[in-house]
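Heads up, the thing below is written out as structure tokens.
Bear in mind that the values in this text are calculations on the coordinates, not laboratory data. Not measured: the values here are computed from a predicted model. Positions of Cβ are generated from backbone atoms using ideal geometry, with glycine treated the same way; all protein chains shown enter the neighbour counts.
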Amino acid sequence: MAFMDRKLIVSGFLLAAYTLSLTATAQVDNAGWQIVGQNINPANYYGITVANGMIGLVSSPEPMKVKDVVLNGAFDTYGRGRVSNILKVFNFANMNLDVDGQRLGSKDISNYRQTLDMQKAALTTTFDFKDKVSVRQTMMALRHLPFSQLTMVEITARKDCEISPMSVIETPENLKEVKNFYSEIDRSHVTIRLLTSVAKSPSGRHTVAASNSFIFEEPHGQEPDVIHEDWDYNMHLAKFKKRLKAGTTYRFSVVGSVSSTAHTADPHNEAERLTLFAALERTERLLIRHNAEWAKLWRSDIIIDGDPDAQRAVRSALYHLYSFVREGTGYSLSPMGLSGLGYNGHVFWDTELWMYPPILTLKPEIARSMLEYRFERMSMARQNAFSHGYAGVMFPWESDTDGQEATPVWALTGPFQQHITGCVGWSFWKYYQVTKDKEWLRTRGYPMLKEVAAFWSSRVEREGPGKFHINNVIGANEWQENIDDNAFTNGMAKTSLEYAIQAAQELGVTPDPDWKLVADNLPILKFPDGVTKENRTYDGVMIKQADVNLLAYPLHIIADENSIKKDLAYYEPRYSPDGPAMGWSVLSTLHARLGNPDKAYDWFVKSYKPNEVPPFNVLAETAGGTNPYFATGAGGMLQAVLNGFGGLEISDSGITQLKTKLPKKWKSLTIKGIGPDLKTVQVQ
């Protein structure tokens, strides 16, 4: 178990939750569920994240600390590029510990080990402080309470000593006008002690608040006395003292919540109310509900027999995607999820083309929330199209919480990487193919596809029959700017136009005849030998990532096997080794579908292994990169497994399975919980 040793004699508030955990994990190999960080080097440490789709808590090499706390949906203008950035908010999960009056730190501890239990989304840190105490701390972002976290602490005395644990709220530099509060709410059966901080975001646009409280195991009236210390505006804490006899273990918990005016009108009171609720739920009930929610998520899983490293990597990818998004929010996924401030927390094509397909396959109810993010921002996309002289909707390359173009001005991808609009339309039809939800198609799917089609109809330049063009764009290969007739852009425009026609016909609506005219007349350019040409002036230079090969998968515009092989043979050696992880996964998927499982396996390994960084093997964007966790790469790698080796295909027939072969190293591949019916398939 990640947050408890099976041999530990557990008492009090943890007993029921512990029993539940044993039941849930009895059937699995712990090695397939746990990621262990040991021999930790603080100078070469990339944290792992526990998140619940709303808050992300990023681990630290420092004992009892959290590096970052990220709050989904809360943005303000500061930092990179004069554009909106997702907020780094109060660190309300930090702790200090004094033992016999000495503050412990990384220099004074030994046997430091951190273990992520992916099944429970719980990070456990264990260490010894000199010869005095052993500490076990388990932290989780509660899945059933989107704005709340729970930390459980066990301190075992190795000799008689006095401990002084401290719950700390620290303010990051970006927040201003900080106010700190401490209050005690007394009832006949309990006393709740609330440590609270409130501040303004950098521009003053939002108010942010965080609150936390101890949960003690002792009966009311026998809890330790809690003292509040307000050091300065950047940090305050609540602490207590306890004398321990050698061999005894003392247990307590801390619950905390965070909120902002991006989520509620009164975040100060809301954060305190949520903390009060969690504190009175108590640890056992919080654990039971948190574990139950993750058990539901893991009904959809991928099991690889014969390759423990691939199993760990794939399950880690699934864990992170599940952690970074949640059902019913209308929030989407940034390339780095909730693992930090990478790419300002903005939403790119990374969502629709890379991360969305695995989620749609395994969790369509969560995929629907991701689509709602785009639907709710159609008015801003409509304004963006209008501002650029086009009809319909033109989605931003980098989308913030308002859906405006949030790409820094110096990056030309903002106005020119227009294939994103086609990716959005593509993803909407894919959802209908999986769910066949006609009411959703009527109220969400077709209204979106209609506007996407209107954009492409207005965007093309018409020189006559067979001579329609999309000029002056940036394609998926961002290293070539302001090019004409890019293969992926034209291919995605054609595909989204055809899907708009299908959606209209499905609803008994007459589609605009111009949509078919445009789709039929957009070129996919070829070299004289039949290889697909990336753009009108492409001359064979090195490329950043997949572009042409995306026409074979996932677009299926190029379906002839010989043509797919030609394009692979030409472009594979032109992929830059400095390119992002998801490019290699496309090559893996295509080779798996072509019946080359071992070559597909080589590309699959390349899509994640060189990008792993210590101590948890979290994914960076590129080999040797330092900006984990790269959820886009996780999405691509999962497609290589689901749609490559697993042969899963999303089409008008729903989710079907192609005949595929496994690499020699794999004995079997089992995919559970597919689609709305939670089907299971196996490849051997």
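Please give me the summed charge of the neighbours of ILE557: other residues whose Cβ is under 12 Å from its Cβ, Lys and Arg +1, Asp and Glu -1.
-2
Pick out, in residue order, every one of the trypsin sites (Lys or Arg not before Pro) in the stretch 499-605 that is DSSP loop and has at most 11 other C-beta atoms within 10 Å; say none if there are none.
Those that pass, being in a loop and sparsely packed, number zero.
Excluding residues on the same chain fewer than 8 positions from LYS179, give the lysines whose Cα lies under 16 Å from its Cα.
Straight-distance partners of LYS179: LYS200.
Divide the volume of the convex hull of the Cα atoms of the stretch 12-297 by its number of residues and quote the answer in cubic angstrom per residue.
On the way: hull volume 39.6 nm³, N = 286.
Output value, Cα hull per residue: 139 Å³.
Mind sorting TRP603, TRP410 by how few other Cβ atoms lie within 10 Å of their own Cβ, fewest first?
TRP410, TRP603
Note down the net charge around ALA141, summing +1 for each Lys or Arg and -1 for each Asp or Glu among other residues with Cβ under 12 Å from its Cβ.
On the way: positive: LYS120, ARG143, ARG326; negative: GLU293.
My count for the surroundings of ALA141 gives +2.
How large is the charge dipole for the stretch 304-461, taken about the Cα centre, if only the Cβ atoms of Lys, Arg (+1) and Asp, Glu (-1) carry charge, to the nearest 20 debye?
Approximately 440 debye in magnitude.
Within 10 Å of each residue's Cβ, count the other Cβ atoms and sort TRP479, TRP33, TRP440 from fewest upward.
Fewest to most other Cβ atoms nearby, the residues stand as TRP479, TRP440, TRP33.
Could you tell me the center-to-center distance, by alpha carbons, between the stretch 158-202 and the stretch 311-336 in angstrom?
The distance from the Cα centre of the stretch 158-202 to that of the stretch 311-336 comes to 30 Å.
Hey, what do the phi angles of the stretch 35-49 turn into as Karplus ³J(HN,Hα) couplings, whole Hz, using 6.51/-1.76/1.60 and θ = phi - 60°, x for Gly and Pro?
So the Karplus estimates, Gly and Pro as x, are 10, 10, x, 9, 6, 6, 10, x, 7, 9, 10, 10, x, 9, 10 Hz.
About the Cα centre of the stretch 162-233, what is the dipole size in debye to 20, counting +1 per Lys and Arg Cβ and -1 per Asp and Glu Cβ, all else neutral?
For the stretch 162-233, the charge dipole is close to 600 debye.
List the pairs from LYS606/LYS665; LYS67/LYS245; LYS606/LYS659; LYS565/LYS661 whose alpha-carbon separation is above 27 Å, in the order I gave them.
Result: LYS67/LYS245 exceed 27 Å.
Once Lys and Arg get +1 and Asp and Glu get -1 on their Cβ, which of LEU150, TYR390, ALA634 lies farthest toward the positive end of the dipole of the chain?
The one lying farthest along the dipole's positive direction is LEU150.
Starting from a Cα-only point model with no solvent, please compute log10 I(q)/I(0) by Debye for the stretch 570-672 at q = 0.13 1/Å.
-0.47
Determine, for GLU621, GLU272, the number of other Cβ atoms within 10 Å of each Cβ, and report the residues in order from fewest to most. Write out the running numbers ahead of the final one.
Working: GLU621 22, GLU272 26.
With the sparsest Cβ surroundings first, the list reads GLU621, GLU272.
By what distance, in whole Å, do the Cα atoms of the stretch 628-672 stretch along each of the three principal axes, largest value first?
Principal axes ranked by extent give 35, 31, 16 Å for the Cα atoms.
Have a look at SER260, GLY422, ALA552 and report the one farthest towards the positive end of the charge dipole of the chain, computed about the Cα centre with Cβ charges (Lys/Arg +1, Asp/Glu -1).
ALA552
So, by mean Cβ neighbours within 10 angstrom, what's the order for 63-71, 368-376, 502-510 with the highest one leading? Each step should come with its number before you reach the end.
Numbers: 63-71: 22.1, 368-376: 20.1, 502-510: 13.9.
The packing order, highest mean first, is 63-71, 368-376, 502-510.
Work out the charge dipole of the stretch 12-297 with +1 on the Cβ of Lys and Arg and -1 on the Cβ of Asp and Glu about the Cα centre, then indicate which of MET64, ASN52, ALA199 is farthest towards its positive end.
The Cα lying farthest towards the positive end belongs to ASN52.
Starting from the Kirkwood radius over alpha-carbon pairs of the chain, derive D by Stokes-Einstein at 37 °C in a medium of 0.692 mPa s and give it in µm² s⁻¹.
The Stokes-Einstein estimate is 125 µm²/s.
Which of the lysines could a cross-linker bridge to LYS516, judged by Cα under 21 Å and excluding same-chain residues fewer than eight apart?
The qualifying lysines are LYS430, LYS450, LYS467, LYS494.
About the Cα centre of the chain, how large is the charge dipole given +1 on each Lys and Arg Cβ and -1 on each Asp and Glu Cβ? Please answer in debye to the nearest 20.
Result for the chain is approximately 1280 debye, rounded to the nearest 20.
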